[in-house]
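What follows is one structure encoded as structure tokens, with my remarks underneath.
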């Protein structure tokens with residue numbers, strides 16, 4: 001019975017601590033200091049802010065730092081942690097933190113090219129920290145080496161060249177589809193049957209999709225097939 005109690009406690013325990021909260025922007029540092037103070041009291045704590053700014057992360061960290069850390073963590077989602085657009089100095093700090101974590105999971109040493117860095121700094125990040133993490137995870141899945149270049153970033157983050165027009169919705173959707181297909185194939189080491197299963201399509205449908213998306217001769221796919 002004690003084992004099951006422990007398992008239940010683990011399932012509802014904290015996932016993050018203050019060590020997981022990365023940022024140097026003054027407003028963010030102030031928010032972290034206030035959260036640390038709040039953790040030392042027995043009063044209820046209300047965290048408000050835009051979606052993706054890290055409210056759940058702060059909630060877990062406060063729980064871990066409080067005297068109630070051995071109890072169950074119960075979060076209630078009600079809806080100011082500073083949004084990322086107001087933390088410009090933290091964009092690259094967070095990006096490097098996320099790339100280190102993603103790289104450890106993929107056994108790679110990931111880094112950004114200078115062009116990619118400029119593109120990240122120029123973006124307004126309406127989806128906040130969560131959007132940054134999603135962008136880096138997607139970029140790492142399509143990057144052929146350890147360096148994430150501008151071409152690996154989603155199209156909406158790339159600057160227009162030569163006064164060109166905005167990409168069409170069709171082009172944007174095709175690019176996202178290419179990224180998803182490549183990520184699935186990479187995740188299973190080039191096994192097309194398993195990749196098709198991950199994508200929810202038949203194996204023959206996957207081959208047709210590769211040809212339609214212009215990926216049938218992609219150099220990475222050729223390399224994976226030889227492994």
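Going residue by residue through the range 193-200, is there one that turns out to be modelled with pLDDT of 75 or more and closer than 18 Å to residue 116 by Cβ?
Looking through the range 193-200, none of the residues is modelled with pLDDT of 75 or more and closer than 18 Å to residue 116 by Cβ.
Checking the conditions here, which among 180, 172 is outside any loop (DSSP other than H, G, I, E, B), at pLDDT 85 or above and either assigned by TED's automatic domain parsing to the domain that holds residue 218 or within 18 Å of residue 103 (Cα to Cα) (or both)?
From the options 180, 172, the qualifying one is 180.
Please go through the range 105-131 and pick out each residue that is outside any loop (DSSP other than H, G, I, E, B) and at pLDDT 90 or above.
Within the range 105-131, 111, 112, 114, 115, 116, 117, 118, 119, 120, 121 qualify.
Return only the number of the condition from (1) part of a loop (DSSP other than H, G, I, E, B); (2) modelled with pLDDT of 80 or more that residue 15 does not satisfy.
Against the list (1) part of a loop (DSSP other than H, G, I, E, B); (2) modelled with pLDDT of 80 or more, residue 15 comes up short only on (2).
Being touching a strand residue (DSSP E or B) at 6+ places or on another chain (Cβ under 9 Å) and in the same structural domain as residue 142 (by TED's automatic domain parsing) is the requirement here; does residue 96 meet it?
yes
Of the residues that make up the range 154-166, is at least one within 23 Å of the chain's Cα centre (by Cα) and modelled with pLDDT under 75?
For the range 154-166, residues within 23 Å of the chain's Cα centre (by Cα) and modelled with pLDDT under 75: present.
Within the range 109-121, is even one residue in the same structural domain as residue 146 (by TED's automatic domain parsing), more than 11 Å from the chain's Cα centre (by Cα) and under 18 Å from residue 28 (Cα atoms)?
yes
Take the range 189-206 and flag every residue that is under 19 Å from residue 177 (Cβ atoms) and assigned to a loop (DSSP other than H, G, I, E, B).
190, 200, 201, 202
Condition check ((1) modelled with pLDDT under 85; (2) assigned to a helix (DSSP H, G or I)) across all residues:
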residue: 186; (1), (2): no, yes
residue: 208; (1), (2): no, yes
residue: 215; (1), (2): yes, no
residue: 220; (1), (2): yes, yes
residue: 225; (1), (2): yes, yes
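The values are calculated or read from the model by the stated rules, or taken from the named source; none is laboratory data. Keep in mind that what you see is a predicted model, and the values were worked out from it rather than measured. Cβ: placed from backbone, ideal geometry, glycine included. Neighbour counts: every protein chain shown.
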